[in-house]
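Scroll down for the structure; my scribbles are underneath it.
The values are calculated or read from the model by the stated rules, or taken from the named source; none is laboratory data. Everything numeric in this text was worked out from a predicted model, so none of it was measured. Methodologically, a virtual Cβ is constructed for each residue, glycine included, from the backbone with ideal geometry; neighbour enumeration extends over all protein chains shown. When the accessible area is computed, the model is the full protein with side chains, heavy atoms only, and any ligands, DNA or RNA have been set aside. Shrake-Rupley method; radii C 1.70, N 1.55, O 1.52, S 1.80 Å.
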Amino acid sequence: MKTNYIALSVPIFFILIGIELAYTFYKKLQYYRLNDSIANLSQGIGSQLVGLFMKSVLFVGYMYIFEHWRLFEISNTVWTWIILFIGVDFFYYWFHRMSHQINALWAAHIVHHQSEEYNLTVALRQSWFQGWFSWIFYLPLALIGFDPIIFLTLSSFNTLYQFWIHTRTIKSMGVLEYILNTPSHHRVHHGSNPKYIDKNHAGTLIIWDRLFGTFQKEEEEVYYGITKPLASWNPVWANLHYWKDLIETAKKSDNISDKIRVFLKPPGWFPEKLGGFQKAPEIDALNYRKFETETALKVMVYAVLLFLTALALGSYQLFYFDKLSLITNILIASFTILSMLNCGALLEKKRWFVAAEYSRYLLGLLILYFLYHLNFKGDWLLGLLGFHIASAFYFFFIKSKYRNV
């Protein structure tokens, strides 16, 4: 059984987020916004849930090549771990770089870049579908003969390393800036300034960017986000909006070759008929505004309640997914995603929020009924039912305060 290092690190993530939040509050640094942080963390929950359902399917390619086509029998030594660490980081660089240079891949990876803030919650803002293709880039390691379990361990630590570099509280790290991917380097990567776009793709070692000509030092102020802002707290829309743009562009293209190029060319590419390649606009510092929505305190409390519900259920599934039946996992995951979707709708004052929230409560009752017949622990069921009823009362309380737009 392999260890899920990402799941085990969740408590550490939140402790570090809390420390950074306390520090920025003490220093009066406006690095956090509640609605943005909820949106970031919701993406992380959704990414982990989708990954739970897809993990076996996605890993089968690596396993098949390793078991049937590997070229060498590699023993488990310290040197094996060191060489594989470098290999994982190398192929991560190319996966990451291609995710910025091929529209179909960028359509998934764009999710990680949508936040207009830069703090530790942004590290957890991950695409729900990126894992469906990222594994392909690592298949040469399976062909060489690197053990799948060691590969999974090192790829997990490569991901974990990148958590702490999503911060503005650490400025420069001296000589380490020449070797490691640091907060300064990664801030550049998240910039929407034209000079910062498609730079610093490294995972752990910045040497790849220096070797392959994609390095950019942090110089002027970084403006975070994407060149065409998402302007939404909706976690589902965040994963689909760029696909919609690509499909609409393909429909407007005259010939089949241009329709295909839309998905294979870099972001900003359009057929000549539609104006050709469009460069990223320069930042208008005077008129620059971050996406923001006003939310009454009572409504925000309910939004936080929705998010905490999703967080609790998502965390539960991370640790108990293999012990639950498929239908139970599907029902709980559906309720979790609907909770996050409704949270975003509430923050944006969407017309359909109230109807969607009624549906969520009905789904919750269905899940409790289903768990009852599966002989789920009685005290847990009573606790969940009590929380569900209490939440419903608060929903009816704030519903009169909610204003559709």
- segment 211-251, subset farther than 20 Å from H166 by Cα and of a type in the set (D, E, K, R), residue least open to solvent (accessible area, probe 1.4 Å): D245
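Given D245, D254, which one is modelled with pLDDT under 95 and of a type in the set (D, E)?
Working: D245 fails: modelled with pLDDT under 95.
One residue alone meets the criteria, D254.
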- Item | Set L308, L264: member being more than 27 Å from A333 (Cα to Cα), surrounded by fewer than 18 Cβ atoms within 10 Å (Cβ to Cβ) and out of contact with any Asp or Glu (no Cβ under 8 Å at 6 or more places or on another chain) | L264
- Task: Output the qualifying pairs, or none if there are none: Cβ atoms under 9 angstrom, residues six or more apart or on different chains, first residue in segment 280-309 and farther than 23 Å from S42 by Cβ, second residue in a helix (DSSP H, G or I).
- Result: A280/P194; P281/P194; E282/P194; I283/P194
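Just need a number here: residues in segment 267-282 that are aliphatic (A, V, I, L, M) and either open to solvent by 50 Å² or more (accessible area, probe 1.4 Å) or at pLDDT 95 or above (or both).
Summing the residues that are aliphatic (A, V, I, L, M) and either open to solvent by 50 Å² or more (accessible area, probe 1.4 Å) or at pLDDT 95 or above (or both) in segment 267-282 gives 1.
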- Task: For residues that are loosely packed, with under 11 Cβ neighbours inside 10 Å and either assigned to a helix (DSSP H, G or I) or modelled with pLDDT of 90 or more (or both), tally how many sit in segment 390-405.
- Result: 2
- Hits in segment 153-200 - residues which are within 18 Å of W94 (Cα to Cα) and open to solvent by 40 Å² or more (accessible area, probe 1.4 Å): F157, T159, Y161, I179, L180, I197, D198, K199
- Task: Working only within segment 134-145, note down all residues that are closer than 21 Å to N4 by Cβ and either open to solvent by less than 20 Å² (accessible area, probe 1.4 Å) or of a type in the set (V, I, T) (or both).
- Result: L141, A142
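To keep it simple, each residue is scored yes or no on (1) of a type in the set (F, W, Y); (2) out of contact with any helix residue (DSSP H, G or I) (no Cβ under 7 Å at 6 or more places or on another chain).
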{"site": "L120", "(1), (2)": "no, no"}
{"site": "A123", "(1), (2)": "no, yes"}
{"site": "Q130", "(1), (2)": "no, no"}
{"site": "L139", "(1), (2)": "no, no"}
{"site": "A142", "(1), (2)": "no, no"}
{"site": "I149", "(1), (2)": "no, yes"}
{"site": "F163", "(1), (2)": "yes, no"}
{"site": "T167", "(1), (2)": "no, no"}
{"site": "I170", "(1), (2)": "no, no"}
- Message: Considering only residues that are within 15 Å of S391 (Cα to Cα) and either part of a loop (DSSP other than H, G, I, E, B) or within 26 Å of the chain's Cα centre (by Cα) (or both), which ones fall in segment 360-377?
- Response: R360, L363, G364
- Note on the structure: Those residues of segment 215-228 which are within 23 Å of the chain's Cα centre (by Cα) and assigned to a loop (DSSP other than H, G, I, E, B) amount to V222, Y223, G225, I226, T227, K228
- Filter pass, I337 being crowded, with 19+ Cβ neighbours inside 10 Å and either in contact with a strand residue (DSSP E or B) (Cβ under 6 Å, 6 or more places away or on another chain) or at negative phi (or both): yes
- Task: Could you tell me whether L16 is farther than 30 Å from L139 by Cβ and exposed (fewer than 14 other Cβ atoms within 10 Å of the Cβ)?
- Result: no
- Query: Restricting attention to segment 17-39, does a residue exist that is aromatic (F, W, Y) and without any contact (Cβ under 8 Å) to a residue 12 or more places away in the chain?
  - Reply: yes
- The residue from L368, L346, L384, L331 that alone is open to solvent by 40 Å² or more (accessible area, probe 1.4 Å), closer than 30 Å to V299 by Cβ and without any contact (Cβ under 8 Å) to a residue 60 or more places away in the chain is L384
